[in-house]
1. Counting DSSP beta bridges in the chain, what percent are antiparallel, to the nearest 5?
2. Going down the table (128/159; 79/128; 159/347), which pairs top 23 Å between alpha carbons?
3. Could you give P(r) for region 97-198, binned at 10 Å from zero, as whole percent values over all Cα-Cα pairs?
4. Using Stokes-Einstein with the Kirkwood hydrodynamic radius over Cα pairs, what translational diffusion coefficient do you get for region 192-311 at 4 °C and a viscosity of 1.567 mPa s, in µm²/s rounded to a whole number?
5. Tell me what the chain gives for mean residue ellipticity at 222 nm when only DSSP H runs of n ≥ 4 count, each as -39,500 (n - 2.57), the sum divided by the residue total, rounded to 500 deg cm²/dmol.
6. Please go through the residue pairs 334/377; 185/287; 415/445; 215/334 and name each one whose alpha carbons sit more than 21 Å apart in this structure.
7. What's the magnitude of the charge dipole for the chain around its Cα centre, counting Lys and Arg as +1 and Asp and Glu as -1 at the beta-carbon? Answer in Debye, nearest 20.
8. Could you check how much of the accessible area of the chain is carbon and sulfur, as a whole percent, using a 1.4 Å probe?
Amino acid sequence: MTGNNNSGINGGPSAAFYTLGCRVNQYETQSMEEQFRNAGFTIRSFDEECDVYVINTCTVTAESDRKSRQIIRRTAGVKKPTSIVIVCGCYSQGDPDDIAAIDGVDIILGNTRKSDICRLACEYLEEKKERVLVEDIMAVSQYEDSYITSSDRTRAFVKIVDGCENHCSYCIIPSVRGKIRSRSKEDILSEISRLADNGYKEVVLTGIETAAYGKDFKKSDTSPLSELIREVASVEKIERIRLGSMEPTVFTEELVKELAAVPKLMPHYHLSLQSGSDTVLRLMKRKYNTSQFLTITERLRRYIPNVQLTTDIIVGFPGETQELFHETVEFAKKCGFSFIHIFPYSKRKGTPAAVMAGQIEKTVKKERVTRLESVMKDIRSDILAEFIGRHTKVLLETQTEGYIDGYTPEYIKVKIPHSENQGSLSGVIRDVVITGTDIDDDGSKCLSGIFQ
């Protein structure tokens, strides 16, 4: 959920936002918030009484759909008569009729016209005319303008590309996000320059398929992504650059060499593996096998000192036997991921995997999640132990009672003793000595350290 109390025009309208799903959705919500704020709206918490409620939905799993429906019904059922509810995002793009059947929803958008959402809301406040404005996403060929000038985090996420054309057999996202549409380099750099002027030291370049940036541009001798990264690195006040989740096949030897030559690019990459079994990867219609994936991890480690790799893995995919799951477990150990986001397979209507033979029972998927989580914790413990005694730089973020936390260049959290009466350090990069390990608020293991 996003939304902070901010002053608008005295007695003016108010708006609140609820976000489900990925970093791209979070970025798009921040951009929509800025539209309303610039139009004089006060941005409030979602549980406060408001004139406009915007729900940015997700449809990546069946659980995402359920959560989206739940918050839509809850909001539409308790709003005051003069308030309006706007639903947008991936779930509404994929199933607008389902949302239209919910009483109290006033405007339905998909994944277009978010840049116009404030004007549409203002028109509705005048006209009170319900609208379903979901367009054919596959007919959209231009990147829709969006921007932010601030973020509720010490690092700012910057969207650089929309759409996905991978068509993995389990994934509904290409049909709700459409074709690859890259943002112009000039717009990206302009936004990052504004963020830098507002005090942000770290940016994360992200998108639905980040690695596809520039795929829709005219071919050139250089990678559009590496060219963009070099130019972002030239923005003087930006000290750190990160990339969002990446398709592994993009990491050719040439690209890795180019990335290694950019000091501001942090040594952490999130590679979407999804399975460590070649049989399952073929069923998923992924574009690599485990041998190719392992070569890519070795390439990154060869050229980028201290690089850490994280990943996503889906367990319980149709046809994944116990033996094939064991292959994934062993491959995860071989790759040495510092963190694994583990998901039980979720059947998505309209995807090839939804009608495949060999669907796995929910209890079996749950057992496999637990088993892989245990393995991941062991791998992570070994990796974190190697950090003890190191001197590193940490971008400080959240201050709580007795300590402040932040992230190393390798994107590993560190907790550092610090009291409030010593002043706020949020957004500051400090030298830290790693002294041991600790437990994060979510129960995962992290590092502990002290300021140099």
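The values are calculated or read from the model by the stated rules, or taken from the named source; none is laboratory data. Since we're looking at a predicted model, the values are computed, not measured. Here the Cβ is made from the backbone with ideal geometry for all residues, glycine too, and neighbour counts use every protein chain on show. All accessible areas refer to the heavy atoms of the entire protein, side chains included, with ligands and DNA or RNA removed. Shrake-Rupley method; radii C 1.70, N 1.55, O 1.52, S 1.80 Å.
1. 35 percent
2. As for pairs spanning more than 23 Å Cα to Cα, those are 128/159; 159/347.
3. Values per bin, smallest distances first: 13, 32, 34, 20, 1.
4. 84 µm²/s
5. When only DSSP H runs of four or more count, the value is -10000 deg cm²/dmol.
6. Among 334/377; 185/287; 415/445; 215/334, the Cα-Cα distance tops 21 Å for 185/287; 215/334.
7. 700 debye
8. On the way: 9610 of 19990 Å².
For the chain, the apolar C and S fraction of the accessible surface comes to 48 percent.
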